[in-house]
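K.L.:
One structure, pasted below without further comment.
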Amino acid sequence: MNHTDTFEIFLTAAPGLEPALLAEAKEAGFVAAKSVPGGVTVQGDWREVWRANLCLRGAARVLARIGEFRAFHLAQLDKRSRKFPWGDILRKDVSLKVEVTTNKKSKIYHAGAAAQRVETALVESFGASLSKDAALTLKLRIDDNMCQFSVDTSGEGLHKRGHKSAVGKAPMRENLAALFLRDCGFDGGEPVVDPMCGSGTFVIEAAEIALGLVPGRSRAFAFEQLASFDAEAYARLKADLTPADVDIATLHFYGSDRNAGAVEMASANAERAGVAGCTTFSHQAVSDLMPPKGPPGLVIVNPPYGARIGNKKLLFALYGALGKTLMERFSGWRVGIVTSETGLAKATGLPLLPLSAPVAHGGLKIRLFKTKPLP
């Protein structure tokens, strides 16, 4: 596999958000983008792998499909793994770990035994260094006797942007927040208000989108440890993706929370992200919320659901207060509410649009409840 060869790249997403990630990938110019269960596939070379990690706000991880072959038993998997051109992709001096998934449709259905065979082949035929704690992961998926190898080129999940050191309880992941913002029609050209901002994720993501900042600018990636990595070419790509100064003097993004510690945390996170100049965080209750001066925009909020935080029975009053405040004061604003409880969303009394697809998140099924501009 040469540096300029094209191959399949799999962009993972939380189930239920594949259409939003597909729209983002197409908008970003990725070739042959197609929605599949659990994510989006595109075609590209290693530069596109780097670009996907750097630029895509909604992807959870970027997997490079590096090759495949059929194997009907463990001895065949061993033999063909030994002939695989590992040196085109992997480095002997970089430790890696192997993860295998398989199913009953394949003759090889014991994932542990398959992983052991691949690990042995890597060590004996290539001289690989293995470690259970390695940052680099080689993934093998065996389905209908087809063995497909992928490298997780991200390392840490892409929701870890690299500039948020402080998070609250049950935080909204950045990649989910970005896709929910997109699903609400946000493109960077309107104000955003989050009245239960926690660590500031929605507000910071909205400000970064408006400023054109690439989400991966502050972090490292696993692909930097691959044989295919070209540090000079990557530096040029990062330079090309650095936005010119954007004048958003007329745009501002607002977060508030009744927890003073959350407000301090969000402000510090915005400072590290480089968006403090266009974000404001305040300490106040939902019932005290007032719309900022200027045109209407989007109110988006991730309230407690009662699953991990809060007593569900007591939350009906909180959702009711939120809906009352928005209906009375936020005429012309659209609303997005993320919750796992349809009953709580309806307790707002807001004119909710038809339900969106459920999204798998931390063992829960959450939904984005949306409105048109409020009357």
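The values are calculated or read from the model by the stated rules, or taken from the named source; none is laboratory data. If you're wondering where the values come from, they're calculated on a predicted model, not measured in any experiment. Using ideal geometry, Cβ is built from the backbone for each residue, glycine included, and neighbour counts are taken over all protein chains shown. Protein only, heavy atoms only, side chains kept; ligands, DNA and RNA dropped before computing areas. Shrake-Rupley method; radii C 1.70, N 1.55, O 1.52, S 1.80 Å.
K.L.:
Report, ordered by the first and then the second residue, all pairs with beta carbons closer than 6 Å, sequence separation of six or more or different chains, a first member in segment 79-93 that is under 15 Å from PHE223 (Cα atoms), and a second member that is modelled with pLDDT under 95 and open to solvent by less than 30 Å² (accessible area, probe 1.4 Å).
P.N.:
ILE89/SER228
K.L.:
Same structure again: Select from segment 84-93 the residues that are within 14 Å of PHE149 (Cβ to Cβ) and crowded, with 17+ Cβ neighbours inside 10 Å and list them in ascending order.
P.N.:
Hits for segment 84-93 are PHE84, TRP86, ILE89, LEU90.
K.L.:
Tell me whether segment 326-333 contains one or more residues that are hydroxyl-bearing (Ser, Thr, Tyr), open to solvent by less than 60 Å² (accessible area, probe 1.4 Å) and either out of contact with any Pro (no Cβ under 6 Å at 6 or more places or on another chain) or without any contact (Cβ under 8 Å) to a residue 60 or more places away in the chain (or both).
P.N.:
Taking every residue of segment 326-333 in turn, none turns out to be hydroxyl-bearing (Ser, Thr, Tyr), open to solvent by less than 60 Å² (accessible area, probe 1.4 Å) and either out of contact with any Pro (no Cβ under 6 Å at 6 or more places or on another chain) or without any contact (Cβ under 8 Å) to a residue 60 or more places away in the chain (or both).
K.L.:
Tell me whether segment 61-83 contains one or more residues that are open to solvent by 30 Å² or more (accessible area, probe 1.4 Å) and within 16 Å of the chain's Cα centre (by Cα).
P.N.:
Scanning segment 61-83, I find at least one residue that is open to solvent by 30 Å² or more (accessible area, probe 1.4 Å) and within 16 Å of the chain's Cα centre (by Cα), so the answer is yes.
K.L.:
(1) open to solvent by less than 50 Å² (accessible area, probe 1.4 Å); (2) touching a helix residue (DSSP H, G or I) at 6+ places or on another chain (Cβ under 8 Å); (3) of a type in the set (Asp, Glu): which one isn't true of ASP183, the others all being true?
P.N.:
Result: ASP183 passes all but (1).
K.L.:
Continuing with this model, one more query. Quick check, is LYS313 open to solvent by 50 Å² or more (accessible area, probe 1.4 Å), basic (Lys, Arg) and either under 29 Å from the mean Cα position of the chain (by Cα) or within 17 Å of PHE180 (Cβ to Cβ) (or both)?
P.N.:
no
K.L.:
Still on this model: What do you reckon, is GLU205 at pLDDT 95 or above and open to solvent by 10 Å² or more (accessible area, probe 1.4 Å)?
P.N.:
So GLU205 does not fit the description; no.
K.L.:
Tell me which residues, restricted to segment 342-356, are surrounded by fewer than 18 Cβ atoms within 10 Å (Cβ to Cβ) and closer than 17 Å to LEU315 by Cα.
P.N.:
THR342, GLY343, LYS346, GLY349
K.L.:
Turning to a different aspect of this structure: Only one of these conditions is not met by THR279: (1) farther than 17 Å from LYS324 by Cα; (2) open to solvent by 20 Å² or more (accessible area, probe 1.4 Å). Which number is it?
P.N.:
Tallying (1) farther than 17 Å from LYS324 by Cα; (2) open to solvent by 20 Å² or more (accessible area, probe 1.4 Å), THR279 fails exactly one: (2).
K.L.:
Does VAL123 satisfy the criteria of being free of Cβ contacts under 8 Å to residues at least 24 places away in the same chain and among the β-branched types (Val, Ile, Thr)?
P.N.:
Spelling it out, VAL123 is indeed free of Cβ contacts under 8 Å to residues at least 24 places away in the same chain and among the β-branched types (Val, Ile, Thr).
K.L.:
Something else now. Give me a count of the residues in segment 208-250 that are open to solvent by 40 Å² or more (accessible area, probe 1.4 Å), modelled with pLDDT of 95 or more and touching a Leu at 6+ places or on another chain (Cβ under 6 Å).
P.N.:
Qualifying residue count, segment 208-250: 1.
K.L.:
I'm trying to understand the selection: among the residues of segment 94-115, which are touching a residue at least 40 places away in the same chain (Cβ under 8 Å) and under 21 Å from LYS132 (Cβ atoms)?
P.N.:
Those that are touching a residue at least 40 places away in the same chain (Cβ under 8 Å) and under 21 Å from LYS132 (Cβ atoms): VAL94, SER95, LEU96, LYS97, VAL98, GLU99, VAL100, THR101, THR102, ALA114.
K.L.:
Given the options VAL301, VAL359, name the one that is within 24 Å of the chain's Cα centre (by Cα), under 20 Å from PHE180 (Cβ atoms), buried (at least 20 other Cβ atoms within 10 Å of the Cβ) and modelled with pLDDT of 95 or more.
P.N.:
After applying the criteria, what remains is VAL301.
K.L.:
Here are the criteria: (1) of a type outside the set (A, V, I, L, M, F, W, C); (2) more than 30 Å from LEU289 (Cβ to Cβ); (3) open to solvent by less than 10 Å² (accessible area, probe 1.4 Å). Tell me which single one GLY200 does not satisfy.
P.N.:
If we test GLY200 against (1) of a type outside the set (A, V, I, L, M, F, W, C); (2) more than 30 Å from LEU289 (Cβ to Cβ); (3) open to solvent by less than 10 Å² (accessible area, probe 1.4 Å), just (2) comes out false.
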